[in-house]
Amino acid sequence: DQMKDSMEIIVLGLDEKGEFMSANILSILDSVKMSIGGIEPDCTDFDLQIILLINSTFDSLLQLGYGPSNGFEIMDNTTLWVDYIKSKRFNLVKNYIIAKVGMQFNPPASTYAMTELTSRISELEFRIKSEVECYGEGDV
């Protein structure tokens, strides 16, 4: 929990007022928002929709065998990756969540990009399921 107390901040650039923009990259919601469309953490216009998509992706991961047996959900940007991913072996879960949420929230315009993203999601699903099957859920 010491990691929770020290928030990891990344500077994103300057806003229209010339002030530094930053995000807590340890926050599941903030990092997904930045990854799927460069949505600043202080912009909460889409939080409800993105939270619903993240939570449904946790359900998909549970069906793949990953995650707490009673499920997992976030309510805001205070839930951190370390609360969900307990082992470095499963860091690819971050990529999976970002890809799944991004495909639903901000789908690619081209058919080619959509096909590539769908293929990437399928590969991540296979790798996550294989990791759980090979090494068990001890660290999940």
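The values are calculated or read from the model by the stated rules, or taken from the named source; none is laboratory data. Predicted model, so just to flag it, every value in this text is computed and none were measured. Using ideal geometry, Cβ is built from the backbone for each residue, glycine included, and neighbour counts are taken over all protein chains shown. Heavy atoms of the whole protein, side chains included, go into the accessibility calculation; ligands, DNA and RNA do not. Shrake-Rupley method; radii C 1.70, N 1.55, O 1.52, S 1.80 Å.
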Looking across segment 92-140 at residues that are touching a helix residue (DSSP H, G or I) at 6+ places or on another chain (Cβ under 8 Å), surrounded by 15 or more Cβ atoms within 10 Å (Cβ to Cβ) and of a type in the set (V, I, T), the single one that is nearest to Q63 (Cα to Cα) is I128
First in segment 71-85 and more than 17 Å from K33 (Cβ to Cβ), second anywhere and open to solvent by less than 40 Å² (accessible area, probe 1.4 Å) and not hydrophobic (A, V, I, L, M, F, W, C), Cβ under 9 Å, 6 or more apart:
G71/N55; F72/N55; F72/T79; F72/D83; F72/Y84
